[in-house]
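Values in this text are rule-based calculations from the coordinates and carry no lab data. In this text, all values refer to a predicted model and were calculated from it rather than measured experimentally. Cβ placement follows ideal geometry from the backbone for every residue including glycine, while neighbour counts extend to all protein chains displayed.
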Ligand SMILES: [Fe+2]
């Protein structure tokens, strides 16, 4: 059911309506190119906490306007790669089209990067303090009725809750190794990381169970398929088998919502509690251009055995 809400200042009505059963909501009636007050951002943060994914429809944002709106949510991350499809260091062009507008061939490494994004993941999980939220703006989207090109989202709160008690107990103390370089294992044709890039994002170990101190100790699964498949402390193959089992689990339709893009959609997701993936599409036939900004996280990932979680009594 839709909620009709008053925008605090200036007075303007907008609606929030759920998009999927597990997660996702659309926000209609706001023009984000106009000045946005702190109160509204607070309301949107609450909505993001509740729904995991918010889609602001019918926006018309320049790069600078997207950066300005994104900064209202918190400091932005720079992208670790040098010289990708980047304009400003805080902007990542998720596109099979170059910054100059050329439709790139499948073999171009900027396009292959998009294929790494086709694996379920959460953005910048390879950082010690991973991202809070990502904002993806649809500039060129698939034509109506074309196959593929959606973005899938999966609720890690729902996925964790649906695990058996035995599996919850098994993964309680475990960590996964997250490495930015893992995409190079999956797609060997990608150019190797430079020393600058390696130094920017060395591998980290993250708990499989994430405890959210700002949500009363709520728990979610924290896992990714694009930044590794190894579980700390387990024999390699046993860990990889557990990882594969969990990746199968999180893809179950009851946890997921697949977003069909309309031009002008600005989709914001919570990287702490959701996963996402780019759905396959015919890259040679269709141009697809998105612009992403990323809001940095405040804290490292806290697991059940983190001092901060014990101190909070969860
Ligand atoms: Fe992503």
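Annotations for the structure displayed:
- Full-extension gain in nm, residue 107 to residue 146, via 0.36 nm per residue minus C-alpha separation: 11.8 nm
- Taking 17 Å as the cut-off, the amide N atoms of segment 215-238 that come nearer than this to a point 7 Å along the Cα-to-beta-carbon line of residue 190 belong to 224-230.
- Length gained when the stretch residue 65-residue 98 is fully extended (0.36 nm per residue, less Cα-Cα span): 9.8 nm
- Modelled label positions at residue 305 and residue 197, each set 7 Å beyond Cα in the direction of Cβ, lie 3.4 nm from each other.
- Only alpha carbons enter this Debye calculation for segment 3-312, each as an equal point scatterer, and the log10 of I(q)/I(0) it gives at q = 0.10 Å⁻¹ is -0.55.
- CD proxy at 222 nm, helix term only [per DSSP H run n ≥ 4: -39500 (n - 2.57); per residue of the chain; nearest 500]: -6500 deg cm²/dmol
- 275, 104 arranged by Cβ crowding within 10 Å, fewest neighbours leading: 104, 275
- Among 260-272, 238-250, sorting by the average number of other beta carbon atoms lying within 10 angstrom of each residue, highest first, gives 260-272, 238-250.
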